[in-house]
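Before any comments, here is the structure.
Bear in mind that the values in this text are calculations on the coordinates, not laboratory data. Note that this is a predicted model, so its numbers are computed, not measured. Glycine also receives a Cβ, built like all others from the backbone with ideal geometry; neighbour counts cover every protein chain displayed.
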Amino acid sequence: MDAHETSSRVWISRNEEDTAALAAYFASLAKPGTVIALDGDLGAGKTKFSQGFAAALGVRGIVNSPTFTLIKEYEGRLPLYHMDVYRITQDEAEDLGLDEYFEGRGVSLVEWASIIPDLLPAGRLNLHIEHNGEAARMIRCEGIGAPYAKWVEEMPDSGTDTESGPRKLNEDGEFEYDKK
């Protein structure tokens, strides 16, 4: 897969559980150096996605937005570097040494990533979360380069199927329908 190859898909989430299921899918594929760029309006679900991702990585405890601390580090299957660059400029971000996190031994989740486009690595997973009703969200997923384009190409269908019910990850990390 070429470093410039991209793949895009949309995930329709009816609720927080669907968003957590998508986060768990990506967490199951994460490896050291994974970078996920999260964008969307205030309250769109960036932190909810991050919480689901952290839980799937085995992070214990409360995961919340690092808006005022900029970067929070958590331990799980891989270290998780949860960043929120909402309150800084690209120039200020350059002084933080983010590349050390991006190239480190953990996973970087960057909320408001569109604020620092020149600092993000070329290969990454971009997620743009939009309101799609009261609890529903539309998550635009774009994988840029390997392995991210493949992750997006192979991601399961949206979190819910109206005939079969919500999809959940089973103990083996595979999706199955929760038929209620």
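Report the net charge of residues surrounding Pro79, where surrounding means a beta-carbon distance below 10 angstrom and charges are Lys +1, Arg +1, Asp -1, Glu -1. Summing Lys and Arg as +1 and Asp and Glu as -1 gives 0. Sorted on the mean count of surrounding Cβ atoms within 10 Å across their residues, most packed first, peptides 43-51, 6-14 read 43-51, 6-14.
Counting every C-alpha pair in segment 7-131, the share spaced more than 18 angstrom apart comes to 47%.
If you take all other residues with their beta carbon under 11 Å from the beta carbon of Gly58, and give Lys and Arg +1 and Asp and Glu -1, the sum is +1.
Annotation for Ser65 and Glu17: the two label points, set 7 Å from Cα along the Cα-Cβ direction, are 2.6 nm apart. Note on Ser114 and Glu75: the model spin-label points, each 7 Å out from Cα along the C-beta direction, lie 3.7 nm apart. Basic side chains Lys and Arg get +1 at the Cβ, acidic Asp and Glu get -1 at the Cβ, and with that the dipole of segment 1-58 about its Cα centre reaches some 140 debye.
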